[in-house]
Amino acid sequence: MTLLVGKHTRAIVQGITGNQGAFHTRLMLDYGTQIVAGVTPGKGATVSQGVPVFDTVASALEKIDANATIIFVPAPFAKEAGMEAIDAGLNPVVIITEMIPARDSMILMAYAKEHGATIVGPNTPGVITPGEAKLGIMPGDVFSPGGVGVASRSGTLTYEIASYLTHAGIGQSTCLGIGGDPVTGLSFVDVLKMFREDKSTNAVVLIGEIGGSAEEDAANYIAETHYPKPVAAYVAGRAAPPGKRMGHAGAIITGTEGTADAKMKRFSEVGVLVAEVPSELPRLLQQQKAALVQH
Amino acid sequence: MKLFEYESKSLAQNLGINTPRGGLASTPDEARDIHKRIGGEVVIKAQVLVAGRGKAGGIKFGTKPDETRDRASEILNMTIKGERVKKVLVEQKLAIKKELFGSIVLDRANKCQTVLASDEGGIDIEDVAKQSPEKILHHRLDPVFGMRGYDARQVGLKLGYAGQRLNSLTDLLSNLYRLSVIYDAELVESNPLVETNDGKFVTADLRVIVDDNSLFRHPEFQERAKEASGEVTPLEAKARENGLAFVELDGDIGIMGNGAGLVMATLDMVNHYGGKPANFCDVGGGANAEHVATALQIIQGDQKVSRIFVNILAGITRCDEVAKGIVDVKKVVGLKKPLVVRMQGTNFEEGKRILNSIGITTLEKMDEAARLVVAMKVA
């Protein structure tokens, strides 16, 4: 079984003719992902990266069979792009776009919930099932197939940690970024639920950061459900001062809430293996034999 | 973007929300004149973006215009939590029956806006929240339909109001919600929200934080967003003008990297090995040579920086572009501080070759590079 994306994925790229959209369509195709159509308003009936381009998602689906989408459209249009994909029944909807207003995200997430669609992001590097497919902007070569599920609020830090795992011979089942914004689709708790059911995932790595309560919520869920698989975590931003936004819209300590120390402490309390520095993660996982069983 | 109290109140007034009568002063004499104009007793409040000005002495009272001038002069000479006071708001002192707390916040976990309210408002609300959280009521708003009249009424009812007063409070809460929608505010907070002796509800204080990501659709804030005011240091302002995510810190090791999470982890690692970061600087994904050069020049121009750690894990960023940016700085203004460069990922062989040619060695492992930069002896 592959989570969210895999060989079965037939994806549309919304915003395929922009710089980022075109560049990453090429890399996704090179990785072996089935990108079957692109959408850019006004560019219908053209071709980008060898992929046919349409003006709307609905018109693409009249000609082509697709089941997922990845969105690169600029922030002011991202909410509607997401709704267009949901209306067409595409699932999952991966939103790479950053700097989307929180109100737009809030409305989009409510729409997705009503229609039973899964949204990854916004402000995410995307999702990859190593060796099968990627819907995202991550460099494919740092990942390797295996049994560890990785969920993260960051992009580059995920690549850093995936490369440590890969170098240590620990492959990954699925890696995904939940997004660096205050309001996102999938939460850590949602991803933990998916990894719990996923037979190819034996252990989970969570990569958190300052701001919000996604890590605390995950810790509470792990404790309440006696989570059956080992979980290891790293939380970025111990050195971050309060009240300052650290690059990501969601990475801000407000008052005394959302500090890295509080999140790490909560994780430790519920039995999550907490890494002081990212490079410790492989060793923490190697202590858990289950993580090393390859599928 | 945090708005000053006087800015927040001017938005509120446009929506018919009750605010105390008053005016804004930049000098003690202006404060005195405002007092003369409005009469009665006044409150003089420091206009700063940091929280906690009341406890820091940034709020004083004046019974006569001359006293108000003196108190304003004291406040205008203050620096509160590092922020210079440049203006004071002089307002009529309200006849307070009760101080409430009312706030509409972006509720990240529930993906909606939530009303937080309490009948124990005022300066100690944070203590109330900590010691008796049950005294703060939470009322979630539908993310699509927002605050309906009955949402506001329910909150007013829970705060203990009935009849005409309930209706007045309902109107005020509805208008605060409207403000949050019109201006894309992630926070609208009135503390205290005052019930006066004559039965009115007045936002004695008002704080608004606008969602930075929505600024593109708010031309009214364009000028305001450019001003480096309040909590932004001159160095941060300069970096942000150049499109960098930048936060100034108080250590001596300059940090530059690509990706917010990676840069945060870099700061943590430098700390972990006993060093002190001077800044957070994210050049972002896909940065070109020029962007890297600008970032490096800003960091090396900071007096307190003794050495610099460049940490690049290239995905969409290319190591050769980063290397070219460093070479450009060397050619144009010179490298003023020792550099430790860690590079891995896209085109790293080429990046390494370019840097080696100007005598800079690169490392591949982040831990190793962090340890090296911390241990480095500096003059």
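So what J values fall out for segment A:37-50 if you push phi through Karplus, 6.51 cos²θ - 1.76 cosθ + 1.60 with θ = phi - 60°, rounded to Hz, Gly and Pro as x?
Karplus-based 3J(HN,Hα) across segment A:37-50 equals 7, x, 10, 9, x, x, 10, x, 6, 9, 10, 10, 6, x Hz.
What is the average number of partner chain Cβ atoms found within 10 Å of a Cβ in A:276-282?
Shielding by partners across A:276-282 averages 4.
List, in order, the whole-Hz ³J(HN,Hα) value for each residue of segment B:319-324 obtained from phi through the Karplus relation with A = 6.51, B = -1.76, C = 1.60 and θ = phi - 60°; use x for Gly and Pro.
Running phi through 6.51 cos²θ - 1.76 cosθ + 1.60 with θ = phi - 60° gives 4, 5, 5, 4, 4, 4 Hz.
Looking at segment A:162-247, which trypsin sites (Lys or Arg not before Pro) are DSSP coil and have at most 15 other C-beta atoms within 10 Å of their C-beta?
Those that pass, being in a loop and sparsely packed, are A:Lys199.
Normalised by the residues of segment B:234-375, what does the relative contact order come to in percent, with Cα pairs under 8 Å and at least six apart?
24
Among B:Leu49, B:Ala31, B:Leu89, which residue has its Cα positioned farthest towards the positive end of the charge dipole of segment B:21-93, with +1 placed on the Cβ of Lys and Arg, -1 on the Cβ of Asp and Glu, and the dipole taken about the Cα centre?
Projecting each Cα onto the dipole axis, the largest value belongs to B:Leu49.
Please work out the C-alpha center-to-center distance from segment A:71-150 to segment B:259-326 and express it in whole Å.
That distance is 28 Å.
Over chain A, what is the relative contact order in percent, taking alpha-carbon pairs closer than 8 angstrom and at least six residues apart?
In percent, rounded to a whole number, it is 14.
Take every residue in peptide A:240-250, count the Cβ atoms of other chains within 10 Å of its Cβ, and give the average of those counts.
Counting Cβ atoms of other protein chains within 10 Å of each residue's Cβ and averaging gives 6.
Can you compute 3J(HN,Hα) from phi for each residue in segment B:57-65, using the Karplus curve 6.51 cos²θ - 1.76 cosθ + 1.60 with θ = phi - 60°, rounded to whole Hz and x for Gly and Pro?
x, x, 10, 9, 10, x, 8, 10, x
Between segment B:195-243 and segment B:82-119, how far is it from one alpha carbon centroid to the other, in angstrom?
Centre-to-centre (Cα) distance: 14 Å.
Where a ≥ b ≥ c are the square roots of the eigenvalues of the C-alpha gyration tensor, would you call segment A:12-68 rounded, which needs a/c under 1.5, or, failing that, prolate if a/b is larger than b/c, or oblate?
Oblate, because a/c is 1.5 or more while a/b does not exceed b/c.
Name the residues whose placed amide hydrogens come within less than 5 Å of the amide hydrogen of B:Lys87, ignoring near sequence neighbours (fewer than 5 apart) on the same chain.
B:Gln47
In whole angstrom, note down how far apart the Cα centers of segment B:1-77 and segment A:1-49 are.
When both Cα centres are located, 56 Å separates them.
Using +1 on the beta carbon of Lys and Arg, -1 on that of Asp and Glu, and nothing else charged, what's the dipole of chain A about the Cα centre, debye to 20?
360
Before anything else, pin down the relative contact order of segment A:138-292: Cα pairs under 8 Å, at least 6 apart, normalised by residue count, whole percent.
For segment A:138-292, the relative contact order is 25 percent.
Just want the answer: with Cβ charges of +1 for Lys and Arg and -1 for Asp and Glu, which residue in B:His218, B:Ile316, B:Val283 is farthest toward the dipole's positive end in segment B:217-330?
B:Ile316
When a/c is below 1.5 the answer is rounded, else prolate if a/b is larger than b/c, else oblate, so apply that to the protein assembly as shown with a ≥ b ≥ c taken from the square roots of the Cα gyration tensor eigenvalues.
Prolate is the answer for the protein assembly as shown, as a/c is 1.5 or above and a/b outweighs b/c.
Computed from the coordinates by the stated procedures, all read-outs in this text should not be read as laboratory data. Keep in mind that what you see is a predicted model, and the values were worked out from it rather than measured. In this analysis, Cβ positions are derived from the backbone assuming ideal geometry, glycine residues included, and neighbour counts consider all displayed protein chains.
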